[in-house]
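I have placed the structure first, in the form of structure tokens, so that the comments after it can refer back to it.
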Amino acid sequence: MKFIAEINIMPLKALLDPQGKAVKQTLHNIDFKTVENVRIGKHISLEIDADNKQQATEKVDDICKKVLSNPVMEYYEFTILE
Amino acid sequence: MKFGVVIFPGSNCDQDMVYVLKNIMKQDVVELWHKSTDLQNVDAIAIPGGFSYGDYLRSGALAKFSPIMKSVIDFANRGGLVFGICNGFQILCESGLLPGTLLHNDNQKFICKNIYIKVENNETVFTSLISKNRVLKIPIAHGEGKYYADKETIKEMRLNNQILFRYCNSDGEVTTEANPNGSIENIAGICNKNKNVFGMMPHPERASDENLKNIDGKIIFESMINTILSKI
């Protein structure tokens, strides 16, 4: 079966996110002053073949751990769609 | 002494490294292509700067899985000498051969300029000839050079004397103003626990030729060669 994984990889909350900080500053400068926080990460969408949803979830988790994210600076979360 | 210089698609300091090792330091040098697994019996391996695999995903993240890196990691784990400059440092961190990682510079800019560093531990293969009070002027050229590791890791690195270089001012004072990229504790270069793998963000190979009017970086190569030749 084919599954689609929608993966978000974000900088760890403990780390300063200079991109997010710069975007927040710009938003304030153009009068979107109610924006309180911006954090910028990556979105990765991948198609994967697996026998069932659980197997797809396990594979994607392994891929995120080994390749797509670096735990020293990032965390990830994903959803699996059929 | 025989050096291997690893070349990935997107490496761009590889020929500077080859030139310095071969023409200035007068050593044997072979180029190690990323698709190969043969290290050609080298005594030490240099991972040069650049943008390996376009730095896609994260700096160094894809290079880590190349065929040559499998051999480099085995070589390092057997005690072989490996050093990485700039992108090479990022690759060594991604590969798990060095602790921590390199984040975007605090100011979000690519910084290309001369900075100053001083040695913290001069009892390693890579720093043995550098006196403690000497300040080295060496250029940096990076967008992601902010060294980061969690508190526990930094504490352990301090205990094991793994912090080799810190950014300082021209008087050798380690200050916040002298830190070009926001690196934690002004860290510019580190080594692993076993002291056989070393990485730094500044480019000593760009400060080793008389024609460039700055040869402060040369002492790092001299240290390495001197220590190894004295053991043979």
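The figures follow:
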{"quantity": "Candidates B:VAL119, B:VAL135, B:VAL125, filtered to the one that is surrounded by 20 or more Cβ atoms within 10 Å (Cβ to Cβ) and either aliphatic (A, V, I, L, M) or more than 28 Å from A:ASN70 (Cβ to Cβ) (or both)", "calculated": "B:VAL119"}
{"quantity": "All positions within region A:5-39 that are touching a helix residue (DSSP H, G or I) at 6+ places or on another chain (Cβ under 9 Å) and surrounded by 14 or more Cβ atoms within 10 Å (Cβ to Cβ)", "calculated": "A:ALA5, A:ILE7, A:ILE9, A:PRO11, A:VAL38, A:ARG39"}
{"quantity": "Residues satisfying the stated conditions in region A:68-82, i.e. of a type outside the set (S, T, N, Q) and touching a Lys or Arg at 6+ places or on another chain (Cβ under 9 Å)", "calculated": "A:LEU68, A:PRO71, A:MET73, A:GLU74, A:TYR75, A:TYR76, A:ILE80, A:GLU82"}
{"quantity": "Tabulated pairs, region B:140-168, first modelled with pLDDT of 95 or more, second outside any strand (DSSP E or B) and among the β-branched types (Val, Ile, Thr), C-beta under 6 angstrom, 6+ apart or interchain", "calculated": "B:TYR147/B:ILE184; B:TYR148/B:ILE184; B:LEU164/B:THR127; B:ARG166/B:VAL174; B:CYS168/B:VAL174"}
{"quantity": "Those residues of region A:16-52 which are basic (Lys, Arg) and under 30 Å from B:TYR56 (Cα atoms), in sequence order", "calculated": "A:LYS21, A:LYS24, A:ARG39, A:LYS42"}
{"quantity": "Residue in region A:35-43 that is basic (Lys, Arg) and either within 14 Å of another protein chain (Cβ to nearest Cβ) or farther than 30 Å from B:SER66 by Cβ (or both) present", "calculated": "yes"}
{"quantity": "Filter result for B:LYS109 (under 22 Å from A:PRO11 (Cβ atoms) and out of contact with any helix residue (DSSP H, G or I) (no Cβ under 8 Å at 6 or more places or on another chain))", "calculated": "yes"}
{"quantity": "Test for B:LYS155: is it within 14 Å of chain A (Cβ to nearest Cβ) and either surrounded by fewer than 19 Cβ atoms within 10 Å (Cβ to Cβ) or among the small types (Gly, Ala, Ser) (or both)", "calculated": "no"}
{"quantity": "Members of region B:90-114 found to be more than 13 Å from B:MET69 (Cβ to Cβ), at the interface with another protein chain (Cβ under 10 Å from one of its Cβ atoms) and not in a loop (DSSP other than H, G, I, E, B), listed by number", "calculated": "B:THR101, B:LEU102, B:LEU103"}
{"quantity": "Hits in region A:58-79 - residues which are surrounded by 14 or more Cβ atoms within 10 Å (Cβ to Cβ) and hydroxyl-bearing (Ser, Thr, Tyr)", "calculated": "A:SER69, A:TYR75, A:TYR76"}
{"quantity": "Test set (1) polar (S, T, N, Q); (2) within 14 Å of chain A (Cβ to nearest Cβ); (3) crowded, with 21+ Cβ neighbours inside 10 Å - B:ASN87 fails condition number", "calculated": "(2)"}
{"quantity": "Those residues of region B:175-199 which are among the aliphatic types (A, V, I, L, M) and buried (at least 18 other Cβ atoms within 10 Å of the Cβ), in sequence order", "calculated": "B:ALA178, B:ILE187, B:ALA188, B:ILE190, B:VAL197"}
{"quantity": "Out of B:VAL18, B:VAL42, sole residue that is part of a loop (DSSP other than H, G, I, E, B), farther than 14 Å from B:CYS86 by Cα, modelled with pLDDT of 95 or more and in contact with an Asp or Glu (Cβ under 9 Å, 6 or more places away or on another chain)", "calculated": "B:VAL42"}
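Each row is one residue, and each column tells you yes or no for (1) within 14 Å of chain A (Cβ to nearest Cβ); (2) of a type in the set (Ser, Thr, Tyr); (3) within 18 Å of the chain's Cα centre (by Cα).
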site	(1), (2), (3)
B:MET25	no, no, yes
B:LEU32	no, no, yes
B:THR37	no, yes, no
B:GLN40	no, no, no
B:ALA46	no, no, yes
B:GLY54	no, no, no
B:LYS64	yes, no, yes
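The values are calculated or read from the model by the stated rules, or taken from the named source; none is laboratory data. These numbers were taken from a predicted model, which means no experiment stands behind them. Please note: Cβ atoms are built from the backbone with ideal geometry, for glycine as well, and neighbour counts cover all protein chains shown.
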